[in-house]
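Have a look at the structure below before the remarks.
What follows is calculated from the coordinates using simple rules that are stated; it is not laboratory data. Computed from a predicted model, the values in this text were never measured in an experiment. Here Cβ is always computed from backbone atoms with ideal geometry, including for glycine, and neighbour counts include all displayed protein chains.
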Amino acid sequence: MINGCNFTVTNFQFMLSTSNKPKVVPSCDKCESSTNSIFCVLNKIELAALSENKSYISYRKGQLIFYEGNHPQGLYCIYSGKVKIHKLGHDGRDQILRLAKSGNVIGYRALLSDDTYHASATAIEDSLVCFFPRGVYQNQIAPNPTLSLEIIKMLSGDLKQAEQKAMNMVQKEVKERIAETILMLKDFFGLEEDNATINIVLTRESIGNIAGTTTETTIRVLSEFHKMKIIGLVGKKIKILNNKELIRIANLTD
C-alpha cells in the first residue's frame, strides 16, 4: 500500500443512520490518523473541498460493502476497521484477493475502467467507511495529477502483489505459503500491545484462502507451527513466537 499522511480522530461529529449511537468521524482536512491514505498528497483546502460531498457508512462485521458484478457508484475509503476483497471461484470457494485497513481506498479499479466490480468487499470487523460519489471522483479526484499518480502507484502495487501470489502458488509448498501469509498479516495489520499477537482475527478458512489451500490443511499446518513453538494459538488469534523461523520456512530474506 501507499505511504500516506497521518490521520487521527477529531471532534468533528456526524450522526450515522446505520448506528444506534453517534460516531466521531473527521472531515478530510481535520483527519490525522497514522494510517496510509492517497489523500495525504492534498493540501488543507483541497481536503476540505473533497470532504464536503462525502458520506459515512457504518458496516458491521460480515456485512457486504459492494458486490461483484455491480456498477460502482463512487469510491470507498476505510476510516476504521478491516475489509476483505474476495471473489467466488469456479469451485464455489471464496478466494480472498487482498485485505484493506484504515486509510486504504477500495473499489477504485472499477471506477478507473468504468466497469463492474470484479470482486466483492466485506467488512471482517465493524468498520466505518467514507464514501465519495462518482461525481466527486470524476470532478475532484481523477483530474488531480498528484492523486492520479498515487492511484497509478497503488495499481502497480496491486499488480506486483498479484504476480508474486501467482508465482508463490506455482513455486512454493503449502507450509511456505502459510508462513508467508502469517508474516504478511503481521506486516500489514501490525501487532497488539504484547508485540507478538497479530492485530487481526481471521478464520482458518480465510487464512487458507489467502495462502491458496484448504481449511483442513491450514488447520494442520498451524497446529504443526504451534507444536514447534513458532506461533501461539489463542482462539482465532495468532501470536508470533519465532519470527526468524517463520521467515526461514517462508523462504524470505530477513
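Expressed in whole Å with the largest first, what are the equivalent ellipsoid semi-axes of the chain derived from the C-alpha gyration tensor as the square root of 5 times each eigenvalue?
Details: eigenvalues 216, 81, 62 Å².
They are 33, 20, 18 Å, listed largest first.
Taking +1 at the Cβ of each Lys and Arg and -1 at the Cβ of each Asp and Glu, which of Leu191, Leu202, Leu241 sits farthest along the dipole of the range 172-250 towards its positive end, judged by Cα position relative to the Cα centre? The residue sitting farthest along the positive end of the dipole is Leu241. Please work out, to two decimal places, the log10 of the ratio I(q)/I(0) at q = 0.32 Å⁻¹ from a Debye calculation in which every Cα of the range 205-246 carries one identical scatterer. Reported log10 I(q)/I(0), two decimals: -1.13. Volume per residue of the convex hull around the Cα atoms, evaluated for the range 172-250, comes out as 79 Å³.
With each run of n ≥ 4 DSSP H residues scored as -39500 (n - 2.57), what mean residue ellipticity at 222 nm is computed for the chain after dividing by its residue count and rounding to the nearest 500 deg cm²/dmol?
Working: 7 runs with 86 residues, N = 254.
The per-residue figure over the chain is -10500 deg cm²/dmol.
Taking every alpha-carbon pair under 8 Å whose residues sit at least 6 apart, the chain reaches a relative contact order of 16 percent.
For the range 67-206, the convex hull drawn through the C-alpha positions has a volume of 132 cubic angstrom per residue. Amide H contacts of Leu191 (H built 1.01 Å from N, in plane; Pro and chain starts excluded): Asn199 sit under 5 Å, all sequence-distant by 5 or more or on other chains. Pairwise Cα separations in the range 135-223 fall into 5 Å bins from 0 onward with the following percentages, short to long: 3, 12, 16, 17, 15, 11, 10, 9, 5, 2, 0.
Lys and Arg at +1, Asp and Glu at -1: add these up for the other residues within a Cβ distance under 13 Å of Leu99 and post the number. Could the numbers behind the result be given before it?
Working: positive: Lys82, Lys84, Arg98, Lys101, Lys165, Lys186; negative: Glu125, Asp158, Asp187.
My count for the surroundings of Leu99 gives +3.
Give, rounded to the nearest 20 debye, the magnitude of the charge dipole that the chain has about its Cα centre when Lys and Arg contribute +1 at Cβ and Asp and Glu contribute -1 at Cβ. Can you show the working numbers first?
Details: 31 positive and 26 negative charges, 101 e Å.
Roughly 480 debye, rounded to the nearest 20.
Any of Lys61/Lys244; Lys84/Lys165; Lys165/Lys186; Lys160/Lys237; Lys101/Lys172; Lys82/Lys237 with alpha carbons more than 22 Å apart? Name them for me. Walk me through the numbers before you get to the answer.
Numbers: Lys61/Lys244 33 Å; Lys84/Lys165 16 Å; Lys165/Lys186 17 Å; Lys160/Lys237 28 Å; Lys101/Lys172 27 Å; Lys82/Lys237 15 Å.
Check vs 22 Å cut-off fails for Lys61/Lys244; Lys160/Lys237; Lys101/Lys172.
Taking the charge dipole of the chain about its Cα centre, with +1 at Lys and Arg Cβ atoms and -1 at Asp and Glu Cβ atoms, the residue from Leu111, Val41, Asn251 reaching farthest to the positive side is Asn251.
For the range 46-107, just say rounded, prolate or oblate: build the C-alpha gyration tensor, square-root its eigenvalues into a ≥ b ≥ c, call rounded for a/c under 1.5, and beyond that prolate if a/b exceeds b/c, oblate if not.
prolate
Residues with beta-carbon under 14 Å from that of Glu205, excluding Glu205: net charge, scoring Lys, Arg +1 and Asp, Glu -1? So the environment of Glu205 carries a net charge of +2. Per-residue Karplus couplings for the range 237-243, computed as 6.51 cos²θ - 1.76 cosθ + 1.60 with θ equal to phi - 60°, are listed in order as 7, 10, 10, 8, 9, 9, 5 Hz, Gly and Pro entered as x.
Dipole magnitude for the range 172-250: computed about the Cα centre from +1 point charges on Lys and Arg Cβ and -1 point charges on Asp and Glu Cβ, it is near 200 debye.
Shown in residue order for the range 134-149 are the 3J(HN,Hα) couplings computed by the Karplus curve 6.51 cos²θ - 1.76 cosθ + 1.60 at θ = phi - 60°: 3, x, 5, 4, 5, 8, 10, 8, 4, x, 7, x, 5, 5, 4, 5 Hz (x for Gly and Pro). Computed 3J(HN,Hα) for the range 108-121, one whole-Hz value per residue from the Karplus formula 6.51 cos²θ - 1.76 cosθ + 1.60 where θ = phi - 60°, is 7, 5, 5, 5, 4, 8, 6, 10, 7, 5, 8, 8, 9, 10, glycine and proline marked x. Farthest towards the positive end of the charge dipole of the range 13-167, among the residues Gln95, Ser148, Cys28, is the Cα of Gln95, using unit charges on the Cβ of Lys, Arg, Asp and Glu.
If we sort 60-68, 197-205 on the protection proxy, mean other Cβ atoms within 10 Å, highest first, what's the order? Mind showing how you got there, number by number?
Values: 60-68: 14.6, 197-205: 17.4.
So the peptides 60-68, 197-205, ranked by packing, come out 197-205, 60-68.
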